[in-house]
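Accompanying notes for the structure given below.
The values are calculated or read from the model by the stated rules, or taken from the named source; none is laboratory data. In this text the structure is predicted, and so the values were computed from the model without any measurement. Cβ placement follows ideal geometry from the backbone for every residue including glycine, while neighbour counts extend to all protein chains displayed. The accessibility values were calculated without ligands, DNA or RNA, using every heavy atom of the protein model including side chains. Shrake-Rupley method; radii C 1.70, N 1.55, O 1.52, S 1.80 Å.
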Amino acid sequence: MRLDVITIFPEYLEPLNVSLVGKARARGQLDVRVHDLRAWAHDRHHTVDDTPYGGGPGMVMKPEPWGEALDAVLASSAPPADAGDAAAGGSGPVIVVPTPSGRPFTQELAVELAAKPWLVFTPARYEGIDRRVVEEYAERADVREVSIGDYVLAGGEAPVLVMVEAIARLLPGVLGNAESHRDDSFAPGAMADLLEGPVYTKPPEWRGRGVPDVLVSGHHGRIARWRRDEALRRTAGHRPDLIARCDPAAFDKHDRATLHSLGWSAGSDGRFGPPGQAVEE
Ligand code: ADE
């Protein structure tokens, strides 16, 4: 997979040389290219921002440097021939624009983007990029405006690091153990829509604290059941919205008993509601 990042702070992307992503780069599984946007700003001060039309606080990123930068990156050598199959939507890049006003970045979107051969990230500073840039490139590429959460950061570089890590760990051969993301919280499949429960490792006792007996029982069925109960418990506590929107058919008899023990009850549509929420008749 090829990744391009266009930024006014190339050094902010240094963490892409470290750990999982760094190793994937070293192995040639990821071709990461970080570009300094100011290389395409031609005045003496390499200006990339200006005051907003209509007034208001802050500055807006000028369209010309972004246009030149994107033209140059898009025109640069295509990704490997085998990378652009039909399922991946052709060999053109997906342009990912981090912005707090984008669609939410989810595990589902990470999985979709991990199947693409080429991603171009355009992290902005200030109040964002002149709107005409997204409009222009949406005519010739797949442009996604994406938010990593309901909070406002000072720029899109940290969101790029977040998204690249979520995507890179899904690439074949990057994590080492293909099973590792099967049980991820938010992974499609067995533990769908439940958060992962707690995990333990050696020593068997630490500061007077043991590990749950069931985990050392060797009983695979009981261990799986315990993990599922812990996932239900943690999800009910931290993300009750995920339980409430679960298809009730996804819960077996034991799940229901666990949810009941946590004070949850099924409404008339079968969906579970949290303790204290009126159950419809
Ligand atoms: N830029 C600033 N805040 C952001 C957010 N929450 N997601 C993506 N890009 C951003």
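A compact table of results
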read-out	value
Sole exception among (1) open to solvent by less than 20 Å² (accessible area, probe 1.4 Å); (2) closer than 19 Å to residue 6 by Cβ; (3) more than 10 Å from the ligand (Cβ to nearest atom) for residue 131, by number	(1)
Residue in the stretch 158-172 that is nearest to the ligand (Cβ to nearest atom), counting only those that are in contact with a Pro (Cβ under 7 Å, 6 or more places away or on another chain) and under 15 Å from residue 104 (Cα atoms)	159
The stretch 135-157: number of residues that are within 8 Å of the ligand (Cβ to nearest atom) and hydrophobic (A, V, I, L, M, F, W, C)	5
Some residue of the stretch 235-253 being open to solvent by 90 Å² or more (accessible area, probe 1.4 Å), outside the structural domain of residue 108 (by TED's automatic domain parsing) and modelled with pLDDT of 95 or more	yes
Some residue of the stretch 264-280 being open to solvent by 40 Å² or more (accessible area, probe 1.4 Å), β-branched (Val, Ile, Thr) and either modelled with pLDDT of 95 or more or not assigned by TED's automatic domain parsing to the domain that holds residue 23 (or both)	yes
